[in-house]
Each structure stands twice: as structure tokens, then as C-alpha cells.
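Step one of this worksheet: look at the structure below.
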Amino acid sequence: MSNVTFPSLFSPWLPTPAVDERFNNGWTFGNLIVTTSNSKAPDVEREVVSQHSYGRQLGRLTDAVVAIAKHVGATADPHVEPLMKLAREIEAIKAKAERRRCDELLDELKALKKSNRKQWDELLRAVGS
């Protein structure tokens, strides 16, 4: 860290300005910072997240816990129930996003059919209709 000071007429009343330069040896993901202070291998974590997002990892764990809870009849357990609720809410969000994507695709297909009949016909042949 380096300190840079500047002369000032207000020196007696104001703190001396300083420039704080720090180097982050880790990596960030949103507001999560992974460094050697909180991970033994931040480079491995970076590689894992590049192929399997935290959302995907958590989703698979949630799916597994929900399946086990259903299998053993523990879905109403007070420790499991909040996760069951979370899983239902996530499924509702996914279903809503899927409906939105389908609506957008349908709108694009309708527009294509109106604007470019040749491309529309090629698309129909490509999908086998």
C-alpha cells in the first residue's frame, strides 16, 4: 500500500488524503470473493464454477435432498420444509421463464412467417413439418 499526500491549506482540519492500492490474488463471482484466505485452491474453484455454476450445483443438491425427503417421508420436517418450499418456488420461476421464452419464440416465428415466407418454408422443412 502506498500513501500519497498533498499539501493543503486545510491540513489542520482535514485528514491527509491517501491512495490505497491493493491486489486481489483471488477471483470474484458476483459479490463472492474467493482467495487463498477462504479456499485452499481458488484456481480449482474457478474451474469448477466455469463448468458448473453455483446455481447448478445448489440445484442438484436441492433436488437430491427433496428426493430423499420424499422417499423417507420427511417433507414436513421443520428442517426440511423450508428447502421444500424453496424448491417449489424455484420450479415456479423456471416454469414462468419457460412460458415467457415460448411466447417470445412464437412471436418471432409469427413475424418470420409474415416477413420472409422463403425462410419460413425452409424452417418448416428443417424441423420436419
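Excluding same-chain neighbours fewer than eight residues apart, the lysines reachable from residue 70 by a Cα-Cα span under 17 Å are 85. In this calculation the C-beta distance from residue 53 to residue 104 is compared with R0 = 22 Å, giving a FRET efficiency of 0.45. Straight-line reach only, C-alpha to C-alpha below 14 angstrom: list the aspartates and glutamates that residue 96 could link to, leaving out same-chain residues fewer than 8 apart. The qualifying aspartates and glutamates are 104. Listed by chain and number, the aspartates and glutamates whose C-alpha is less than 19 Å from the C-alpha of residue 110, apart from same-chain residues fewer than 8 away, are 98, 121, 122. Extension gain for the segment residue 39 to residue 65, taken as residue separation times 0.36 nm less the Cα-Cα distance, is 6.8 nm to one decimal.
Since every read-out is calculated from the coordinates, none of them should be taken as a lab result. Quick caveat, the model's predicted, so the values are computed rather than measured. Note that each Cβ is placed from the backbone with ideal geometry, even for glycine, and that neighbours are counted across all protein chains shown.
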